[in-house]
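Beneath this line is the structure, given in structure tokens, with notes to follow.
The values are calculated or read from the model by the stated rules, or taken from the named source; none is laboratory data. A quick note: this is a predicted structure, and the numbers were derived from the prediction, not measured. Positions of Cβ are generated from backbone atoms using ideal geometry, with glycine treated the same way; all protein chains shown enter the neighbour counts. Note: accessible area is taken over every heavy atom of the protein model, side chains too, but ligands, DNA and RNA are not part of it. Shrake-Rupley method; radii C 1.70, N 1.55, O 1.52, S 1.80 Å.
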Amino acid sequence: MKNRFQYVFFFSLLTLACYAQKANKNDGDKRPNVILIMVDDLGYEGIGSYGGTSYHTPNIDKLAATGMQFNQAYAQPLCTPTRVKLMTGQYNFRNWEAFGILNPQQKTFGHIMQDAGYATCMVGKWQLQSYDPPGYPGGEHRRGIGMKVEDAGFDEYSMFHAFHTEDKGSRFANPTIYQNGEFLTETDGKYGPDIFSEYLNDFVARQADKPFFVYYPMALTHGPFNPTPESKDWKYPEKRLDEDTTYFKDMVEYLDKIIGDIVYNLEKKGLREDTLLMLYSDNGTHQTIFSKMGDRTVQGGKGLTTEAGIKVPFIANWPNHIKAGTTSNEFIDAIDFMPTILEATNTPSPTSFQPDGESFLPVLKGEPVERRDWVFMSYDPKPGWDKKQFAPAEFVLNENYKLYGDGRFYDTKNDVLEKDSLPETKLSPELKQLKSKFKVVLDSLRKYPTYGWVERLAPEFDSLVSKHARIELVAEGFNWSEGPVWLPKEQKLIFSDVPENKIYEWDNLDGLSLYMAPSGDTGIEKGSNGKGSNGLILNPEGELVLCQVGDRRISKLTSLKDSHHPKFEPVITNFNGKKFNSPNDMDYDKNGNLYFTDPSFGLGDAKSDIGFNGVYFYGKNKELVLLDDSIKAPNGIAVSNDNKTLYVADSFKEQPKILAYDIVGNGKVSNKRLFFDATKLHKASISKQSPDGMKIDEKGNIFLAGPDGVLVISPAGKHLGTIRTDKNTGNCEFSDNGRYLFITADDYLLRVNLRPYSK
């Protein structure tokens, strides 16, 4: 199976190379025009030719009757993921930044067609430069970083939502439109989709010397659901921005009118037979919309990974090239449009461009072709404003079955809403073979390999760590990884490599890179052992605070002009005039007070100045208090969510454990007690790792790096299960939304999606 998949992928690349050779041989041939229209938020159930009966769509139906309709066309559940795939020809896991952002370094089909000598034009909705409004956490690091409309490869453009989310204005009545470098000033009383289509038709009429490529990502039928110029309420200017789902029907039918206008303009200009026209959609219909397909009611599924969210209409029309009235069950994905356009226009593929898609031009021409018989999706709409309700997913499907990356397998033909996953014990040999094939596809296209396993000891564990959770190996090659901390503004993880005196950074798009060096031994300590930072944390002001082992102090990062020139300011350096041993881990309480541990095992052969291992409190008033000097090997530390309990991991191998204290005041603890005894686990473990770093989730459960992985312990001290790495595991950290757990395990950085994928 895997060999066949690799063959198909290789065949796709080889075919693209052939397109380039073909282009060189046929430069004198007339090259066709291309118009690609992408509807916004309309599933296949909204089109008459697909069996929809709620809306009158005669112009689209005519395109299908005189062209080819595809019955297995799919898009991502939300618009930006689809747009990025469509414009770049690549799966989202290769180039996804954030919602509403297209990386400006990407090469779009606009760039390629422009370079190939085509006149290029884009009209409609952009929404790929910036999305988050002011004040949204992390938004300041994403605003304005995406691709600008004028840099997308189009000679001319007329676009809505070209800049920030809060500045976008209306896309319908009295629209805000950025056209060729300027905002239109006289749009009162006008309708945005009319401006877009009129500009498109004018552009087409002006092209006499060059073939043209037009991309029209429509504003219709996305909300808000407002009246159209053909709605009865349009005659009242004060009602033109009213919102009601009853206007959705008018919007679909006005969309159909615009399609008719575009086709009529091509016919009038004598360009109809020279133009490949394609109509696609970016995702399913909004969930508040209910449409009819005969007697069947279909609820919109935008944002969901079920059929209602991802199955979309796709119609291609090209007189004398596509046989009229044909249908196809070939699988179409957004990534397939790029190679199809290149082949149809005899455009060479850039040497640096490697699309994931497969051309469907032979299908349009009725020629035999071997294409993939499945669709794969990698979907994660975050980060982004108003996207918390959506969850990432990866899955592969065909016409009747679907396998998710978390192991769920559905008979989608008979279980459209995916209510009941098929158990392995009830699969026929044929279905087992199909599931195995799907798994090969998933494994071949997964960004990160699977590592480790999950041990479930109590029913409560399943609500904390998804039954289908997969441990991903996202980076490796460290000496000893430790101290991970999530940076919510930058949406990245940083962590220490203690022996290497470095801090690394990692994010899902750019992967691993050096964040800073040195990190903890800056040369101020005579005879230091060269060890860098260990525990890392953000203070209440969002500044990075570091346990600097080599410098034997806790410091704050004050400047990082580049990765090799960090500047630090000491936070605290000694206790009663004596140097600390090797500050290890720390946590802030809700009031901004700092708790930290100072064991001696980071000293190596050096002698302790203090003479004991300590647990400390450092208040906002800069008061330092020794809380406990009797623990053999204090290590990880955490404060409960209610500020009432202090937890300290003791790594002493004779009795590895977690201790708990009542916090009775600033710098005051009492009722020291054994909270969790890890002695038996330690003795039975593969790694012989003692309790180390820990984090507390929103429900008060402790995620403890310890014997053979990360132990999950309830607030009552019950061991619920373990995320097994079966190697020395130093610490862990949650992403800001609590969905992902990152684990530093010896030379590895691991990631676990704790929550189940949503539908």
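Ordering 265-275, 619-629, 73-83, 416-426 by mean Cβ neighbour count within 10 Å, with the highest value first, yields 73-83, 265-275, 619-629, 416-426. Between ILE572 and THR425, the distance separating the two model label sites (each 7 Å from Cα on the Cα→Cβ line) works out to 5.6 nm.
Length available on full extension from ASN414 to LYS210: 0.36 nm per residue minus the Cα-Cα distance, which gives 68.5 nm.
Relative contact order of the chain: 12 percent, from C-alpha pairs under 8 Å at least 6 residues apart in sequence. The 3J(HN,Hα) values that the Karplus relation (6.51, -1.76, 1.60; θ = phi - 60°) gives for region 116-125 are, in residue order, 7, x, 7, 7, 10, 8, 9, 9, x, 9 Hz. Gly and Pro appear as x.
Surface calculation, 1.4 Å probe, protein heavy atoms: LYS489 sits at approximately 100 Å² accessible. When the C-alpha to C-alpha distance is required to be over 18 Å, the pairs from LYS607/LYS683; LYS653/LYS680; LYS492/LYS531; LYS432/LYS467 that qualify are LYS607/LYS683; LYS492/LYS531; LYS432/LYS467. What GluC sites (Glu not before Pro) in region 121-221 are in a loop by DSSP, with at most 15 other Cβ atoms within 10 Å of the Cβ? Those that pass, being in a loop and sparsely packed, are GLU186.
Inter-label distance, GLU370 to ALA716: 6.0 nm, where each label sits 7 Å from its Cα along the C-beta direction. Per-residue accessible area (protein heavy atoms, 1.4 Å probe) orders HIS161, HIS222, HIS468 as HIS468, HIS222, HIS161, starting from the largest.
Partner aspartates and glutamates whose Cα lies under 17 Å from the Cα of LYS620, excluding those fewer than 8 positions away in the same chain, are identified as GLU541, GLU543, GLU569, ASP587, ASP589.
Converting phi to 3J(HN,Hα) with the Karplus coefficients 6.51, -1.76 and 1.60 and the offset θ = phi - 60°, region 239-251 yields 9, 5, 10, 5, 10, 6, 5, 5, 7, 4, 4, 4, 5 Hz in sequence order, with x at every glycine or proline. Annotated for region 212-278: lysine pairs at least 8 residues apart or interchain, Cα distance under 30 Å, count 10. Note on region 293-429: lysine pairs with Cα distance below 27 Å, sequence gap of 8 or more or different chains, count 26.
With all protein chains in place and ligands, DNA and RNA left out, the 1.4 Å accessible area ranks PHE568, PHE617 as PHE568, PHE617, largest first.
Just to be sure I understand, if you calculate Cα extents along the principal axes in Å for this structure, which of [x] 90, 84, 57; [y] 92, 63, 54; [z] 225, 59, 45 do you get? The value matching this structure is [y]. Per-residue ellipticity at 222 nm computed for the chain from its helices equals -5000 deg cm²/dmol, with DSSP H segments shorter than 4 residues left out and the rest contributing -39,500 (n - 2.57). Think of each Lys and Arg Cβ as +1 and each Asp and Glu Cβ as -1; about the Cα centre, that makes the dipole of the chain roughly 1480 debye.
Listed values for region 135-148 are Karplus-derived 3J(HN,Hα) couplings in whole Hz (6.51 cos²θ - 1.76 cosθ + 1.60, θ = phi - 60°), namely x, 6, x, x, x, 5, 8, 10, 5, x, 8, x, 6, 7, and x replaces Gly and Pro.
Roughly what angle does helix 192-205 make with the longest principal axis of the chain, taking Cα atoms, 0 to 90 degrees, to the nearest 10? On a 0 to 90 degree scale, this one is about 60.
To test your reading of the geometry: what angle, between 0 and 90 degrees and rounded to tens, separates the Cα axis of helix 429-445 from the longest principal axis of the chain? Here the helix axis deviates by roughly 80 degrees. Using heavy atoms of the protein chains and a probe of 1.4 Å, the accessible area assigned to LYS699 is about 130 Å².
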